[in-house]
Amino acid sequence: MGKGLFITFEGGEGAGKSTQIRLLAGRLRDYARELVTTREPGGTELAERLRDVILSGRAKKFGPLGEAVLFSAARIDHIDRLIAPALARGAVVLCDRFADSTRAYQGARGDVDEKVMAALENAAVANCRPDLTFILDIPPEIGLERARARRGADNADRFEGENLAFHWLLRERFLTIARADPERCRVIDADRPQDAVAASIWEAMAEKFRRREHEAVEGVS
Ligand code: T5A
């Protein structure tokens, strides 16, 4: 998929993904030919409209498979119109959530057949896979409290409003995803000050750039 670099940020609620994307983007501006920051669900006009429907809870009655289909539809538009063209231009794309979120959130309770989830992911994502994924790991109580403090008096969104047991399942799902794909995934302890989290992310980025350079020199595709 192009010659750019596709980096995704994953994790539970309030883990600090948006904060870390902002910090990393600030640092990458000196290095990247072009930098694109985006989010899921969203990133395009159509996907943002689907975001409103899903996060308002209006699609909850479809159940996890129905919601997974909606997230995937938003993802197809996001890839086609924004991510794939940016990568083809050589951009570094930082994306707040991607397909691992569907695996974790819609798969958390195990009531959707794994094979169906995998087929849906393959159909939506095709060959647009992240080069590197940061999984920001934090005890859900702490992440939810951060999200609550930031939101203030507004209502919790569709998934923030799930019970604590769900959020613990989510955390396990993300760690399982990371264990299954250690080449791509880096688990980052997010229960630390922002600068410490950012330093771990920067270290992994530097390693990725070094590897890319080495592969270019060796002619590895
Ligand atoms: N979803 C999404 C699915 O179910 N399936 C899918 O396929 C996809 C793509 C998206 C929702 O959709 C679900 C998952 C989500 O529930 P969203 O509004 O985009 O909803 O919410 P989140 O992605 O969960 O993002 P949040 O905004 O809740 O959390 P972030 O981005 O992880 O955290 P951030 O950076 O906004 O930080 C939260 C607060 O904590 C502070 C920040 O200043 C902020 O106030 N903070 C820290 N405080 C202390 N120490 C640190 N290290 C801190 N880092 C940040």
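Its Cα centre serving as origin, the chain has a Cβ charge dipole (Lys and Arg +1, Asp and Glu -1) of approximately 360 debye. With neighbours defined as other Cβ atoms within 10 Å of a residue's Cβ, the residues 137, 157, 111 order from fewest to most as 111, 157, 137.
First measure r as the distance between the Cβ atoms of residue 164 and residue 211, then evaluate 1/(1 + (r/R0)^6) with R0 = 30 Å and state the FRET efficiency to the nearest 0.05. It would help to have the intermediate numbers written out before the result.
Details: r = 38 Å, r/R0 = 1.28.
My answer for the efficiency is 0.20.
For trypsin sites (Lys or Arg not before Pro), the sites in the range 9-46 that DSSP calls loop and that have at most 16 other Cβ atoms within 10 Å are 29, 33.
Taking a Cβ cut-off of under 11 Å around residue 65, the surrounding Lys, Arg, Asp and Glu residues balance to a net charge of -3, with basic ones at +1 and acidic ones at -1.
For n ≥ 4 DSSP H runs only, could you compute -39500 (n - 2.57) per run for the chain, divide by its residues and tell me the 222 nm figure to the nearest 500? Don't skip to the end; give the middle numbers.
Details: 8 runs with 110 residues, N = 221.
After summing the helix terms and dividing by the residues of the chain, the value is -16000 deg cm²/dmol.
If you plug the beta carbon distance of residue 196 and residue 34 into 1/(1 + (r/R0)^6) with R0 = 41 Å, you get a FRET efficiency near 0.90. Legend: ranking of residues 48, 203 from fewest to most surrounding C-beta atoms inside 10 Å; resulting order 203, 48. What helices does the chain have that are whole DSSP H segments, at least 30 Å long along their own axis by Cα, and with mean Kyte-Doolittle hydropathy of 1.6 or more? Result, helices passing both filters: zero.
Taking the square roots of 5 times each eigenvalue of the Cα gyration tensor of the chain, largest first, gives ellipsoid semi-axes of 27, 21, 17 Å.
How big is the gap, in Å, between the Cα center of the range 134-192 and the Cα center of the range 65-127? Distance between centres, Cα-based: 18 Å. Taking a threshold of 29 Å on the Cα-Cα distance, which of the pairs 115/208; 60/208; 3/60; 17/208 fall above it? With Cα atoms farther than 29 Å apart: 115/208; 60/208; 3/60.
Among 78, 214, which comes first, second and so on when ranked by fewest other beta-carbon atoms within 10 Å?
Details: 78 26, 214 10.
Fewest-to-most Cβ neighbours within 10 Å comes out as 214, 78.
Applying 0.36 nm per residue to the separation of residue 204 and residue 80 and subtracting their alpha-carbon distance, the gain on full extension is 41.9 nm.
Any read-out appearing in this document is the output of simple, stated calculations on the displayed coordinates, not a laboratory observation. Since the model is a prediction, treat every value here as computed from it, not as a measurement. Every residue, glycine as well, gets a Cβ built from its backbone with ideal geometry; the counts of neighbours run over all protein chains shown.
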